[in-house]
Amino acid sequence: MSGKLGSAALVADTLTTVYTVPASTMATLNITLVNRGEDPAKVRVAITDSPNPSDADWIEYNTTIPANGGVLERTALVAGAGENIIIHSDTGTVSVRVHGFEEAE
């Protein structure tokens, strides 16, 4: 599969699994977050094989996205079979899209 792998409108203060790499697959992906709100948003991004990220799983932590269309993008990330892309925001005004491609391991 290629293109959109997952997307979500985040709920404030909630861990959201946006994408899980299928079994026997690896993914090369990009993560784009946009703040639709009128206030800055603090976001966290983890790549983990657990439903609850540990301290070592976070690749962004309390990073501020400016208000009114501010964007955070991480590109050329690689995740293995069973790994989850988990996002957290302190506001309910952040949208996230994970896009890229999957290939058999």
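Some points to look at:
- For segment 70-91, taking the residues that are open to solvent by 40 Å² or more (accessible area, probe 1.4 Å) and either in a loop (DSSP other than H, G, I, E, B) or in contact with a strand residue (DSSP E or B) (Cβ under 6 Å, 6 or more places away or on another chain) (or both), the one that is nearest to VAL11 (Cα to Cα) is identified as ASP90.
- Test: residue in segment 44-57 that is of a type in the set (A, V, I, L, M, F, W, C), surrounded by fewer than 17 Cβ atoms within 10 Å (Cβ to Cβ) and either free of Cβ contacts under 8 Å to residues at least 60 places away in the same chain or touching a strand residue (DSSP E or B) at 6+ places or on another chain (Cβ under 7 Å) (or both): yes
- Flag for THR20 being in contact (Cβ under 8 Å) with a residue 12 or more places away in the chain, under 14 Å from the mean Cα position of the chain (by Cα) and exposed (fewer than 14 other Cβ atoms within 10 Å of the Cβ): no
- Residue count, segment 24-43 (criterion: open to solvent by 30 Å² or more (accessible area, probe 1.4 Å), closer than 23 Å to GLU102 by Cα and not aliphatic (A, V, I, L, M)): 4
- Segment 58-69, subset within 16 Å of ARG36 (Cβ to Cβ) and β-branched (Val, Ile, Thr), residue surrounded by the most Cβ atoms within 10 Å (Cβ to Cβ): ILE65
- Odd one out for SER50 among (1) more than 19 Å from PHE101 (Cα to Cα); (2) of a type in the set (Gly, Ala, Ser); (3) part of a strand (DSSP E or B): (3)
The values are calculated or read from the model by the stated rules, or taken from the named source; none is laboratory data. Keep in mind that what you see is a predicted model, and the values were worked out from it rather than measured. Every residue, glycine among them, receives a Cβ derived from its backbone with ideal geometry; neighbour counts consider all protein chains shown. Side chains included, ligands, DNA and RNA excluded: accessible areas come from the protein's heavy atoms. Shrake-Rupley method; radii C 1.70, N 1.55, O 1.52, S 1.80 Å.
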